[in-house]
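Everything below concerns the one structure shown next.
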Amino acid sequence: MLSALTLLGLRELEARYASYEDLAHRVRRDFSDPRQTLEELYGRMVFNVLCGNTDDHARNHAAFWDGQTYRLTPAYDLCPQLRTGGEASQAMLLTGQRRDSRLVTCLAAAPAFGLTHGQARGLIDHQRATLDNAWDEVCDEAGLSRAERDTLWQRSFLNPYCLEGYPAG
C-alpha cells in the first residue's frame, strides 16, 4: 500500500502541494481501470467537500500495488470538521491552486477526471440527494441524538459555504 503522498513523489514537507488533479494524472497512467477509478476519486473529493472533511491530505488517500498496477484502497480517515463560520479549505488542492471547499471548485476540476460538466453535476447532485434522503436513517443507525444531528447538519454536512455559487438544478 502506498499513500498518495508517495505516489505523487512528495516529501512530508511538500504535502501542501498535493493535488487531486495530479493524483488523477497518476491514476490515468498507472492504475487498473482508470476510468472507473477517476470517477471514484472524483466522488471522494466531492464527498469530502459535502461532509466537511477538510482533513483530506495525501496521507489519507492510498492505493494497493499488485506488482503491475495500482487500485484505490477503500476510503478511510473521513473526519467531518465542525465549523461555525463559513469558509473552509481542503487539505489537497482541488484544481489549479484552488482548495476552497465548494462544489463549484469541484465542477471546475471535473475535466481532470475525464468528466463532462453534466457527468460531474450528476454525481454531485446524486450525493447531495443521498445525504438529504438518508440523513435521518443513517443518524438513527449511528444512535445520534437530535442535538448531535443538528450540530453536524449544515455545519459539517452540507455547510452553506460548500453550496455557494453552485447552480440550482
Cut-off under 5 Å, modelled amide H: who pairs with ASN159 long-range: GLN154
Potential extension, THR73-ARG149 segment - 0.36 nm per residue separation minus Cα distance: 24.5 nm
For the stretch 148-155, Karplus couplings with θ = phi - 60° (6.51, -1.76, 1.60), whole Hz, Gly/Pro x: 5, 4, 5, 5, 7, 6, 6, 10
Long-range amide H partners of THR73 with built H, under 5 Å: ALA62, ALA63, PHE64
³J(HN,Hα), Karplus 6.51/-1.76/1.60, whole Hz, each residue of the stretch 51-67, x for Gly, Pro: 9, x, 7, 8, 9, 8, 5, 5, 7, 9, 10, 7, 9, 8, 10, 9, x
Whole-Hz couplings from phi, Karplus 6.51/-1.76/1.60, listed for the stretch 24-31; x for Gly and Pro: 4, 4, 5, 4, 4, 7, 10, 9
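With charges set only on the Cβ (+1 for Lys and Arg, -1 for Asp and Glu), what does the dipole of the chain come to about its Cα centre, in debye to the nearest 20? Please list the in-between numbers first.
Numbers: 18 positive and 23 negative charges, 103 e Å.
Dipole magnitude for the chain comes out near 500 debye.
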C-alpha long axis of helix 117-142 to longest principal axis of the chain, angle in °: 50
Residues whose placed amide H lies under 5 Å from that of PHE31, excluding near-sequence neighbours: TYR70
From the coordinates shown, P(r) over Cα pairs in 10 Å bins from 0, in percent corresponds to which of (i) 10, 38, 35, 15, 2; (ii) 11, 39, 39, 11, 0; (iii) 9, 25, 24, 17, 12, 8, 4, 1, 0: (i)
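Of the beta bridges DSSP finds with both residues in the stretch 2-163, what % are antiparallel, to the nearest 5? Walk me through the intermediate numbers first.
Working: 7 of 10 bridges.
So the antiparallel bridges amount to about 70 percent of the total.
Counting Lys and Arg as +1 and Asp and Glu as -1, what is the net charge of the other residues whose Cβ lies under 13 Å from the Cβ of ARG146? Don't skip to the end; give the middle numbers.
Numbers: positive: ARG149; negative: ASP136, ASP140, GLU148, ASP150.
Every neighbour counted, the sum reads -3.
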Estimated [θ] at 222 nm from DSSP helical runs (n ≥ 4, -39500 (n - 2.57)) normalised by residues in the chain, nearest 500: -14000 deg cm²/dmol
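No lab work stands behind these numbers, since they all come straight from the coordinates. Since we're looking at a predicted model, the values are computed, not measured. As a convention, Cβ positions derive from the backbone with ideal geometry for all residues, glycine included, and neighbour counts pool all protein chains shown.
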